[in-house]
Structures are given as structure tokens and as C-alpha cells.
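**Q** First, the structure itself, so that you have it in front of you.
Just so it is clear, none of the values below were taken in a lab; they were calculated from the coordinates. Everything numeric here is computed off the predicted structure, so don't read it as measured data. Please note: Cβ atoms are built from the backbone with ideal geometry, for glycine as well, and neighbour counts cover all protein chains shown.
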Amino acid sequence: MNVNNIKQQPEEKPLLSVKNLNIEIQMDNAVLNAVDGVSFNIEKGKTLGLVGESGCGKSLTSRSIMSLNPKECETTGEILYNSTIDKKMNNVNIVDLDPTGKKVRSIRGKKISMIFQEPMTALSPLYTIGNQIMEAILLHRTKNKKEAKKIALEMLRKVGISDEEKRFDQYPHEFSGGMRQRVVIAMALSCNPELLIADEPTTALDVTIQAQVMELMKSLQYEFGMAILLVTHDLGVIAEMCDEVAVMYLGKVVEKASVREIFYNPKHPYTKGLIKSMPKLGSEKKRLEPIEGTVPLAINMRNKCGFYDRCSERIAGVCDVKAVPDTQLSADHSVRCFLYSEYGEEEKNA
Amino acid sequence: MLKYILRRIILVIPVLILVSVIVFFIIQLPPGDYVTHFAAEMAAQGETLTQEEMDELRATLNLDRHWFVQYLFWMKDILLHFDFGHSFNYDEPVTAVIDRYMALTLIVSFITMAFTYLVAIPIGIYSAVKHYSIGDYIASTIGFLGMATPNFLLAIILMYFSYVNFGDPLLGLFSSEYENAAWSWGKVWDLAKHMVIPIIVIGTASTAGLIRIMRGQLLDEINKPNVVTARSKGLSESRILFKYPTRAALNPIVSTFGWTLSNIFTGSTITAIVLNLPIQGPVMYNALLGQDMYLAGTWLLFMAILTVLGTLISDILLAWLDPKIRTEIKGG
């Protein structure tokens, strides 16, 4: 081991480290724990999938990384960002930054950028796509308009938009959905971010286009080397794209593992249910197995497993009376379920 | 674009013809005509007109013909000689009457309009950005008060305050010493002083409405995903606000420009009577009362033209503002 290796030690910190993130929304007479103690790491150049059904807090979690949540959201906890390129951006807690301030704005678009669910509405109908792509470039990379245009045109080419000189001056309504999503991707990658947050990037697209867009994101990741946080409810997309998966349910991460582990060795009853409810080709079964029941509201759920009412393996008197601890099963697999923690022991000790 | 404008202008012509027929039909609808009105006036002064005299008068004024024939005569004179007929009340050509009041009407109208937009749009933006703040509540309260208070009442109140504080109710548009004087800086200053009350009175009503429209539109736009996209690029809040939501929120305001244009000419009639302003509103009012059919007809026709023109202007502006509409124009 030489000196260089030791010097590089600090760089082994993950690119982004979310620790005990809480997002509370004040309702009329209660507090909604929209995101409750979420922790995960995103390693440089890797893809983390954040999966869960609508309303589980995955979008709020991903948006809080860019401090984009509406001001009604009370965010606490840590989102530590460690830039590998910019030494000044070391151990920056994004939660503490002023959401309209200079520092967070120098991260947005440049270091961390985002692709949104709806390519139809994510672009403004009033400006040409060229104008909208150049905006971030002019802000973060160059003040020279000609140079910015050159970069923008190159990005358009990279995302597979042909005839880019002409397309540059067109408006979003002259593009199809898939093409618009390509524009959004070009926009997000125009400043070579270290982390790309993709919030359901293919949900609004046709299945054939979905595959194209995913393929494109993968090849661009290979080319630019950025990390991706992929937010989705589509397990197929997860299987295709991710290195690691965090399963969210009712504001909590209930299971976290490598993509292989999640699909071949799911532990949490919710994860198992998710995988069972996914259609498989060549399956003998005629019917899919839905998860019974509906998601409760995340109010006063701290001392109870949020999945309790829907769980087929629930333990009455345990799961519904205390907060569920996180159990580390192996180096890369953790689950938040009493089935895997020694609750009996704990009881005795308490 | 030019083709579109041209086509729109050509389409305006049949609309105007139809409108002018309707206008004329309505103008001659009320029972009686100028002659009966004249006879009544004479009777009030102790003179009576015989039936014969009245018929004779009708014949000279063409009032005994069918209304459509009268309309055709009227139109022929307009198109061939730009002659809009004779005002019975003023006993001079209609164009002369309108001419006399036109300049001041335009000055009052445009300054009021500018006041309305300059005040309403910034306040609307402020109310939307800081919605449910104290400032928003104050702006909304004043706005609603402005909307709910009858204009003439506000006019009287302001006149009262002006009289109490400055010893002059600022009636009319000029003080008596400048009334017939030639234009000078003193006269302009005098006009400016007299404009304050009319502008506030006429302006507040539409200002209040416009603030609400601007606020509502902007609130809609401010939560759109494209604003979040802009924010995710690292743009500053003020840049985002003016480039995306404000620009988008202007569309509906621009499309109401059509009727604002004619509204600003007519909407101020009662206020103008109360404030004794020498502008078109009261003239029109008296023409309708006195069955001065050509003056009233010309005036209504003028309003119709303004509305059509305003709509045309706002359509062109919309096409200029909204690329989507622009493409549709190119395509069709």
C-alpha cells in the first residue's frame, strides 16, 4: 500500500449519503410523515433504484436531494453530498442549504440534475427547446452563446435527435412524447452532472419508447459516468437498470439490497408481494396476485408497521405496537421487519 | 403571419356589415323618433307642431321611409363621403361632434388603460408569489373594495376630498381659465391635475378585476412542472418567475384586451357625467336619450369596430406570444 492510496481514502465516501431523512407535512390537524427516517447511499457511477407505489414518498425523497420540495414540506435529517470533482463541495448537507440560495443553485443543474415524469409539461411551451437546453449551459458552463449552442447541439445529437440544427429552433409541441423526453435528458446532462435523478422517466411513455429511453440512459451513463437515482414503480425497469434497490413503503425504506437479492431473495412481505404482483412471461398462473388492501395515511404510524393491515405474515401484538427497527441481514441487504429481528430478545432486555 | 392577419381583416368586413345593420335596427326600434322628441320639446316651450309640420319634417329627414332604406342611405353616405349623418341635437355633422371629443377621450382612455395594466400586473404578480401573505390580503381587500364600490360614488368621494383639501373639486378636465385657452405648459399641468381623479375612478374597477385574473393565472402557472424544471437547472427565482409563469400568465390577459378596448370607452359614461368630463360617454348618453339616431348609431358602430379591432389585436398579440397558436396559423 503506498501513500497515494491512503490519500484517496476520503474519496471512498459515497457521492450522496442520505441519513435519517424526514419530511413532514402539516395537515389541518395532524402531521403527515411523508418521509420517515429514510437512509441510503448512492455510490459514484452506480444506479440506485427507489421503488414503491404512488404516494410512498419516493418523489419527495428524490426532490429533496435538490431541495425542490414545496415549502409546506418540513425537511430534517442529512443529505450529504461529496463531489468527486469539486473539492469545495465536500460533506455539503443539502437539507441545511437555503432552497433559493446561491450554493444550492450551483449544485442544481450542474452537479445534480433531474429528469421528470411528464416530458409534456416539464418543458415550457413558450420557448424553443434550444433556448431551454442552453439555459443551464449558459448558467454553468460558458457565457458564450455560440459555444453554448454548440454544446446544446452536441447533446441533442447524443440523445439521438437527428436534424438537430432544425430541431433546435422548434417548440416542444412539435416533438412527440419520446422525443421530448430525449430533450429533457439532453437538458439534464448538458452540464455533465455527477448525479442524475430520474423521477419516473418512462411512466408517461409508450412501452417501446420506454425501452429506448432506458437504453439511452444506460449508454449515456456509460459515457458520462454519472450516478443515477432511478425513481420508479416499475420493477421491470429496476431489474434492467439498477445496481442497488431501495424499496419504499409509506415513507420508509422497508428493504434495501442489491438488485439480485431483491429479485431472488426478497425478505420483506411487501417486497415479496410486489414481485408476485408483477406479470411474468411463460408463467403457469392465470391470475396475478395483488397486494390486498390500501395504503393507510402516514399519520401516527411511527409506532406501528405501516404494512401491518395488509401483511399476511403479521405478528399481532408486536408489529402494531412498536417502531420497526432496521435489520442488517448481510453486507448489502437490510430489511425493516420484525420477522427478521429478534423482537422476543428485545422484549426481555427492555 | 401576414397572410393570417390579412385573412382576419377580410373576415372582419362581413361582421361589421352585419353589426351595422343590427345597430341601425336597434337605434330606430324605440317608439317615436327625433321628430316626436322635438315636438315634445317644442310643446314644453309652449309651441305646438301640427301633424302636417311633423310629417313634413319627417319627409325632409327621410324618417318616413322603411328603416332599411334609411340604413342604405346612411351607409351610402358613410362609404362615399365619410358622412355619418346629421346630429339633430347638435345641429351639425356627426363627425364634427365626435371629432370635438375624440382627442380628450383618447387621452383619458389610454392613460387609464396604461394605469390599469401598470398597477394591476405587478400587484397581481406580487399577490401570487406571496399568496396568503399579509400583502396579498391587503391587495385583495383593496381590489375587492375597488371592484365593489360604484365608480360614481368613488368619484364623488374623491371630489369631496379634493375640495376639502385643495379647495377645488377638480371637476371637468380643465380649470375655467384654461378651458378655451391655447395649449401651453400651464394647460398641460392643469389637465394632468384634473386627470388624477378620473384615472383612479375609471382605473380601479378594471384594475381590481385584472389583479384577480393575473393572480389566479400566475398561481396556476407557478406550480407547473416546467417551473420545477427551470428551478432544477439552477436558475434564480426571479429569473424563473419572469421567464416562465409570468410570460405564460400574460396570455389570458392579452386575450381580454379585445373588450377592454371598447370597455374603456363606454365603461366610464356615468363617471364622466358625475365628473363632468368632456369625453364621448356623456355625448353618447345624451344622443340615446334625445333619439339623435345618427349620432347614437355612429357611436354604436364605432364601439363595434373597436371591439372587432381589439379582438383582432389580441389575436395577433396571442399569436406573437404563443408559439403553439403560431404553428396552427402557419399550418392552416
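**Q** Expressed as a whole number of Å, what is the distance separating the alpha-carbon centroids of the range B:68-89 and the range B:136-208?
**A** If we compute the Cα centre of each part, the gap is 37 Å.
**Q** Rounded to the nearest 500, what is chain B's calculated 222 nm mean residue ellipticity when only DSSP H runs of at least 4 contribute -39500 (n - 2.57) each, over all residues?
**A** Working: 16 runs with 255 residues, N = 332.
Only helices count here, giving -25500 deg cm²/dmol.
**Q** For chain A, set up a GNM with springs between Cα atoms under 10 Å and report which of A:P14, A:P201, A:P279 has the largest fluctuation.
**A** Of A:P14, A:P201, A:P279, the Gaussian network model singles out A:P279 as fluctuating most.
**Q** Using θ = phi - 60° and the Karplus curve 6.51 cos²θ - 1.76 cosθ + 1.60, what whole-Hz ³J(HN,Hα) does each residue of the range B:182-190 get, with Gly and Pro shown as x?
**A** Residue by residue, the range B:182-190 yields 6, 5, 8, 4, x, 5, 4, 4, 4 Hz.
**Q** Return the Cα extents of the range B:99-284 along principal axes one, two and three, sorted largest first, each rounded to a whole Å.
**A** The Cα atoms of the range B:99-284 stretch 63, 34, 31 Å along their principal axes.
**Q** Which residue, A:S17, A:Y264, A:L97, has the largest displacement toward the positive end of the dipole of chain A when charges sit on each Cβ (Lys, Arg +1; Asp, Glu -1)?
**A** Ranked along the dipole, the leading option is A:L97.
**Q** Mean-square fluctuation check for chain B, GNM, Cα pairs under 10 Å: which of B:T298, B:T50, B:T116 is largest?
**A** Comparing B:T298, B:T50, B:T116 in the GNM, the peak value goes to B:T50.
**Q** In whole percent, what relative contact order does the range A:204-300 give with Cα contacts below 8 Å and a gap of six or more residues?
**A** Normalised by residue count, the contact order of the range A:204-300 is 17 percent.
**Q** Report the FRET efficiency, 1/(1 + (r/R0)^6), for B:D77 and B:L153, where r is their Cβ-Cβ distance and R0 is 45 Å, rounded to 0.05.
**A** 0.60
**Q** Compute, for the range B:99-284, the length of the dipole vector about the Cα centre, with Cβ point charges of +1 (Lys, Arg) and -1 (Asp, Glu) only. Units Debye, rounded to 20.
**A** 840 debye
**Q** Sticking with this structure for a sec: Summing Lys, Arg as +1 and Asp, Glu as -1, what charge do residues with Cβ under 14 Å from the Cβ of B:T50 carry, B:T50 excluded?
**A** -4
**Q** On a straight-distance basis, which aspartates and glutamates could pair with A:K88 in a cross-link, Cα separation under 20 angstrom, same-chain partners fewer than 8 positions away excluded?
**A** Within reach: A:E11, A:E12, A:E43, A:E78, A:D96, A:D98, A:E194.
**Q** Can you return the aspartates and glutamates within cross-link range of B:K193? Criterion is Cα-Cα under 12 Å, with same-chain partners fewer than 8 residues away left out.
**A** Within reach: B:D168.
**Q** Between the alpha-carbon centers of the range A:24-90 and the range A:158-186, tell me the distance in whole angstrom.
**A** 30 Å
**Q** Please go through the residue pairs A:K166/A:K218; A:K103/A:K304; A:K110/A:K276 and name each one whose alpha carbons sit more than 29 Å apart in this structure.
**A** Values: A:K166/A:K218 26 Å; A:K103/A:K304 39 Å; A:K110/A:K276 40 Å.
Those over the limit are A:K103/A:K304; A:K110/A:K276.
**Q** Quick one: grab the alpha carbon gyration tensor of the range A:1-141, order the square roots of its eigenvalues as a ≥ b ≥ c, and give me rounded if a/c is under 1.5, else prolate or oblate depending on whether a/b is larger than b/c.
**A** Working: a/c = 1.90, a/b = 1.16, b/c = 1.63.
Since a/c reaches 1.5 but b/c is at least a/b, the shape of the range A:1-141 is classed as oblate.
**Q** Taking springs between alpha-carbon atoms closer than 10 angstrom, which of B:V308, B:V15, B:V201 fluctuates most in the Gaussian network model of chain B?
**A** B:V15
**Q** Is chain B rounded, prolate or oblate when judged by the Cα gyration tensor, a ≥ b ≥ c being the square roots of its eigenvalues, rounded requiring a/c under 1.5 and prolate requiring a/b larger than b/c? Spell out each step's value before the answer.
**A** Values: a/c = 2.71, a/b = 1.52, b/c = 1.78.
Note, shape of chain B comes out oblate.
**Q** Now for a separate question. Too long at a 27 Å Cα-Cα cut-off: which of A:K143/B:K3; A:K46/A:K267; A:K102/A:K158; A:K44/A:K280; A:K44/B:K243; A:K102/A:K252?
**A** Details: A:K143/B:K3 39 Å; A:K46/A:K267 23 Å; A:K102/A:K158 30 Å; A:K44/A:K280 32 Å; A:K44/B:K243 34 Å; A:K102/A:K252 31 Å.
Going by Cα-Cα distance, A:K143/B:K3; A:K102/A:K158; A:K44/A:K280; A:K44/B:K243; A:K102/A:K252 fall outside the 27 Å limit.
**Q** Now for a different question. If the only charges are +1 at each Lys and Arg Cβ and -1 at each Asp and Glu Cβ, what is the size of the charge dipole of chain A around the Cα centre, to the nearest 20 debye?
**A** Approximately 960 debye in magnitude.
**Q** Then there is this: Checking the a/c ratio against 1.5 first, then a/b against b/c, what shape does the Cα gyration tensor give for the protein assembly as shown?
**A** Details: a/c = 2.77, a/b = 2.56, b/c = 1.08.
Judged from the Cα gyration tensor, the protein assembly as shown comes out prolate (a/c at least 1.5, a/b above b/c).
**Q** Under 15 Å Cα-Cα from B:K324, which aspartates and glutamates qualify once same-chain neighbours fewer than 8 residues away are excluded?
**A** B:K324 reaches A:D169, A:E174, B:D315.
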